[in-house]
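The values are calculated or read from the model by the stated rules, or taken from the named source; none is laboratory data. Fair warning: this is a prediction, and the values are worked out from it, not measured in the lab. We place every Cβ from the backbone using ideal geometry, glycine too, and count neighbours over all the protein chains shown.
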Amino acid sequence: MGVMNAVKQGIRNFLEIKEPQGLQITIDQYYTHEAELFRNRIWYRGNSEELSALYRQLPGDVGRNYFWAARPTMGMNIRKLHTGLPALIVDTLAAICTDDLDSVELDRQIDWDAIADDNNFPQLLRAAVTDCLWSGDGAWKWSIDTNVSEYPIIEFFDASRVEYDIDRGRLVAVIFKTCKEYNGKKYTLKERYSKDGVTYRLCAADGKETDMQAFPELAGLVPVVNKGAFMMALPMRFADSRKYPGRGKSIFDGKIDAFDSFDEVWSQWMLALRKGQIKTYIPDVLLPRDPNSGRVIRGNDFDNDYIATESDMREGTSNQITHTQGNIQHEALVQTYCTALDLCLQGLISPSTLGIDVKKLDNAEAQREKEKTTLYKRAQIVGVLEEIIPQIVNISLRVLDAMHGTESKEQEVNVSFGGYANPAFEAQVETMSKAAAGGIMSIDAIVEELWGDTRDDEWKKEEIARLKDEKGIAELEEPAVNMDGGNTIGF
């Protein structure tokens, strides 16, 4: 027994498990939220010179491997081309989401229509959606200035001009930032909107607060008390940021590398096309010359490109002009282009929505299948707008009532959006005919599905009655029961 205990003790000591040492990993974040917003703005603007200037000023570890940060070798040139794809994605998504806004219906229709017309609300809504997509979030702002308009003034500030004051996960105030310049110095006017009212601060470039009374333009800005106890500001975002709590997520997040690679592919394609064009070799005795001065006319890459060679003075030879052309790997370039394009568009929008047809033989059904990505993204954006627009309407009406000193009540607002990428009318008729022949849809359901909101209820009732009459379907009145007593049933 003593030997066994010793063996067990030895095994226990041998199998002793030590606690693991702590692992510490440090990751440097090169971009602040403001820096990312500035980068996204430059990508949306889509100017080649601005993109190149931006990436050349990034720290070495950040921009070293980007195409837009590449510097040519001494004596060489790199022609960098921007496709404009990021701006095209944003503008197209904003258009297909806001252009389908059919109606905004409420009891105080006349008041809202007047406010909407005064602020050009459809155009304002599209601009707001555009800014919200590339910047991640933003906020609506209401102002009162009777010198400008007799109605509430509605504005939208993108994420770079907005800060949020959040307490215990609840929005307390929205701070709007506007850049000002006085006497050659830059300042930031901060307007804090809360339920209590509006307060103003003017900050210098170093963040220190400055007395606004020293500037005549801002001397009239005094704190405003909101007796209605409602916030004249409304944040808007389509997705939450995982990196910055309380902020929105830009659709450019995670796509910047793909956009950079796509521009690189397109630039290389154009470079291969230029280098692969026909080259002409001309002996110096046959070079084109200026008839007036006799000087050799130098060629360029686009109209008169040639390479000068020495004349062959050997016996039995003659000077001849020769032509050569490079071999452009067209198929490989197209495949690379399509792959890079897919990475840029994944999860955002379908190529066919942008008018890009990478497969020329697709039929109409295949093209509609490609629209699914667009439909998913559009449904996400429209879902947010269906919640935001009623709030915009109610705040606008409350501000209008505050201007007139009247009591305001919450309005029930119905917002309707039209369909997108619906099948053609001929395809719908064919589908409805098959459903009617199979007996799986009634005439009432077919008329409603086929015409929807394009016809009023009275017209659809007449159409249903006409179709039933043609099919010999008679509608009888409900039998009336004599409520006075007895079992008499009359028709």
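Of the strands (runs of 3 or more DSSP E) entirely within the stretch 170-275, those holding at least 2 residues that are touching a residue at least 40 places away in the same chain (Cβ under 8 Å) and under 25 Å from the mean Cα position of the chain (by Cα) occupy 170-182, 233-237. When the stretch 118-153 is filtered for residues that are over 21 Å from the mean Cα position of the chain (by Cα) and assigned to a helix (DSSP H, G or I), the ones remaining, listed by number, are 118, 119.
For the residues 214, 173, 229, the requirement of being loosely packed, with under 14 Cβ neighbours inside 10 Å and within 26 Å of residue 404 (Cα to Cα) singles out 229. Given the condition under 28 Å from residue 255 (Cβ atoms) and in contact with a Pro (Cβ under 8 Å, 6 or more places away or on another chain), answer yes or no: does some residue in the stretch 177-199 qualify? Taking every residue of the stretch 177-199 in turn, none turns out to be under 28 Å from residue 255 (Cβ atoms) and in contact with a Pro (Cβ under 8 Å, 6 or more places away or on another chain). Of the residues 53, 114, the single one that is farther than 28 Å from residue 248 by Cβ and either in contact (Cβ under 8 Å) with a residue 24 or more places away in the chain or loosely packed, with under 13 Cβ neighbours inside 10 Å (or both) is 114. Does residue 433 satisfy the criteria of being modelled with pLDDT under 90 and either outside any helix (DSSP H, G or I) or surrounded by 15 or more Cβ atoms within 10 Å (Cβ to Cβ) (or both)? No; evaluated as a whole, the condition is false for this residue. Scanning the stretch 219-246 for residues being among the aliphatic types (A, V, I, L, M) and within 30 Å of residue 134 (Cβ to Cβ) gives a total of 6. Would you check if there is a residue in the stretch 158-169 being more than 28 Å from residue 221 (Cβ to Cβ) and surrounded by fewer than 19 Cβ atoms within 10 Å (Cβ to Cβ)? Checked against the condition, which is being more than 28 Å from residue 221 (Cβ to Cβ) and surrounded by fewer than 19 Cβ atoms within 10 Å (Cβ to Cβ), the stretch 158-169 yields at least one hit.
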